[in-house]
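The structure under discussion appears below in the form of structure tokens.
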Amino acid sequence: MSFEINWEKVNNPEQTRKTHEKLSEKMKSLQKPDFLGEINISSLKFGEKPKIRFLGIINTPENVKKRIIEQTENSLEMKKNISQIMNKFFQKFQKEIKPIDFVLQVSADLSNVIEFTIETELVVNWPTPKFISLPIKLTVKNIGMKSIINVVVFNEKMGIYLDSDEDANKKPLEMEIQAAIGDQSKGVLQNLEKVQNFMVEAINTIIKDKFVFPNIFLFDEIISEKMK
């Protein structure tokens with residue numbers, strides 16, 4: 001079975017602006033090393049629709065139900081009706097699952113889905129604090145996801161989450177980061193590698209905080225009626 005995503009619900013100026021703002025807020029709130037200046041997301045764009053592969057259906061785990069209820073109670077805005085979106089799905093699978101209470105497990109190819117640019121400064125704090133500041137531009141693209149994506153429907157809510165891993169150091173995302181800097185000296189390049197590693201860690205921390213269970217990202221009207 002395959003299903004489609006209403007990509008226009010994501011890949012439009014308004015949603016791009018919101019994603020840009022949220023990611024920027026997260027980046028600015030990160031605890032950063034003293035060799036980095038202020039972190040800004042200067043640009044963000046969505047590309048191709050993600051390629052989704054259906055893996056299976058499971059009943060909604062009780063701990064997932066509990067978290068959705070908790071998050072919904074703390075949410076100021078949450079639409080409650082997704083039955084029209086899922087009608088065709090229920091027509092085909094109503095004998096297999098309880099309506100409005102299931103988890104779709106899928107894998108996704110995100111390699112060309114999103115690209116964004118981070119601007120910051122590499123700060124040299126010797127011989128005095130902020131002795132030299134070098135502008136850095138980092139382009140993040142070709143994002144790959146290692147984890148299975150769980151699309152949960154429960155209590156008239158829809159959301160996605162990634163399973164938590166026993167290895168706390170495992171990163172949910174892989175990515176390519178291209179860096180541009182004014183000075184190409186050896187010392188700067190060594191520090192630049194530290195900046196790239198920090199950004200990989202920072203982006204994965206944001207994903208863990210938003211998407212890795214017990215965190216569930218709740219949304220609606222993303223999955224289309226076209227299911228086959």
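The values are calculated or read from the model by the stated rules, or taken from the named source; none is laboratory data. Source: prediction; values computed, not measured. Glycine gets a Cβ as well: all are built from the backbone with ideal geometry, and neighbour counts include every protein chain shown.
Filtering the range 133-146 down to residues that are of a type outside the set (A, V, I, L, M) and without any contact (Cβ under 8 Å) to a residue 60 or more places away in the chain, which residue is surrounded by the most Cβ atoms within 10 Å (Cβ to Cβ)? For the range 133-146, the residue satisfying everything is Lys141.
The C-beta contact set for the range 160-181 (first residue crowded, with 16+ Cβ neighbours inside 10 Å, second residue in a loop (DSSP other than H, G, I, E, B), distance under 7 angstrom, 6+ apart or interchain) comprises Tyr161/Phe213; Tyr161/Asn215; Tyr161/Ile216; Leu162/Ser147; Leu162/Pro172; Leu162/Phe213; Pro172/Lys146; Pro172/Ser147. The numbered conditions (1) at pLDDT 85 or above; (2) of a type in the set (A, V, I, L, M, F, W, C); (3) touching a helix residue (DSSP H, G or I) at 6+ places or on another chain (Cβ under 7 Å); (4) more than 16 Å from Ile118 (Cα to Cα) are all true for Ile177 except (4). Looking at Gln15, is it among the polar types (S, T, N, Q), surrounded by fewer than 16 Cβ atoms within 10 Å (Cβ to Cβ) and under 30 Å from Phe102 (Cβ atoms)? For Gln15, the condition - among the polar types (S, T, N, Q), surrounded by fewer than 16 Cβ atoms within 10 Å (Cβ to Cβ) and under 30 Å from Phe102 (Cβ atoms) - is met.
A single member of Phe154, Phe198 is crowded, with 17+ Cβ neighbours inside 10 Å and at pLDDT 85 or above, and it is Phe198.
When each of Ile149, Ile160, Ile136 is tested for being at pLDDT 85 or above and more than 19 Å from Asn59 (Cα to Cα), the lone residue that passes is Ile136. Pairing each residue of the range 206-228 that is over 23 Å from Leu173 (Cα atoms) and charged (D, E, K, R) with any residue that is surrounded by 15 or more Cβ atoms within 10 Å (Cβ to Cβ) and at pLDDT 85 or above, provided the two are 6+ apart or on different chains, yields no C-beta distance under 6 Å. When Ser29, Ser24 are checked against the criterion of being surrounded by fewer than 14 Cβ atoms within 10 Å (Cβ to Cβ), among the hydroxyl-bearing types (Ser, Thr, Tyr), modelled with pLDDT of 85 or more and within 30 Å of Glu201 (Cα to Cα), a single residue qualifies: Ser29.
Among the residues of the range 111-132, the one identified as in contact (Cβ under 8 Å) with a residue 24 or more places away in the chain and exposed (fewer than 13 other Cβ atoms within 10 Å of the Cβ) is Asn125. For the range 113-133, taking the residues that are over 17 Å from Ala202 (Cβ atoms) and touching a Gly at 6+ places or on another chain (Cβ under 7 Å), the one that is modelled with the lowest pLDDT is identified as Ser133.
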